Amino acid sequence: MNLQKLETQTHQSIDYWIDEFNRYDFDKLMMKPSENQWSLAQVGIHLWMASKGFFFKNAERCLSKDGTQTGKSKKFTAHLIFTLRTLPPVRYEMPTQVSVQPKAPETKEQLIAKLEEVKKIASGYIHRIPQSDPSLKIKHPFLGWLNTAEWIQLCNIHFRHHVRQKQRIEKHFGWK
């Protein structure tokens, strides 16, 4: 695995969002297409929360051997996702037991700072991948068993997946 390439791709995926958030004033970032849909700002908070509370948490568990298993593998669907480096273009609904409604940030600067934080943390994990045992894995609820590198790759894929949601929001408001 080319770690420099992974780090560059991950930074590019996050920088895309930072650049897009910088294009809009805070009031626009807070606009929701409907009461039960997220604003662009909430999508950004979701990306931050999922990175820290799910992807990086499980990468850390792999590194620290906390609850890991060996001899386990990804599901067939996961192999496709990692090969194509994308999730299928469908809307996913998180199970209610893990679903969290992202709170809106207080400012655009706070939102951007959270994504800068994700970049820094991601780089730290990417640099630790060589220290990890690729056979130590934590189970993803839908994709099967993933190792440290795969959790970080999936974080990157997740950022890109939400671009479609951003485009739907922009289209709804006629911004694009």
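The values are calculated or read from the model by the stated rules, or taken from the named source; none is laboratory data. Predicted model, so just to flag it, every value in this text is computed and none were measured. Neighbour counts run over all protein chains shown; Cβ positions are idealised from the backbone, glycine included.
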Tell me, which residue of segment 52-85 that is over 15 Å from the mean Cα position of the chain (by Cα) and of a type in the set (S, T, N, Q) is surrounded by the fewest Cβ atoms within 10 Å (Cβ to Cβ)? Thr83
Tally of residues being within 14 Å of Thr68 (Cα to Cα) and among the acidic types (Asp, Glu) across segment 102-149: 1
Against the definition (in contact with a helix residue (DSSP H, G or I) (Cβ under 9 Å, 6 or more places away or on another chain) and modelled with pLDDT under 95), how does Met1 come out, yes or no? yes
Candidates Val90, Val100, filtered to the one that is touching a residue at least 40 places away in the same chain (Cβ under 8 Å), part of a loop (DSSP other than H, G, I, E, B) and not basic (Lys, Arg): Val100
Of the conditions (1) within 18 Å of the chain's Cα centre (by Cα); (2) closer than 23 Å to Asp15 by Cα, the single one that Glu106 does not satisfy is (1)
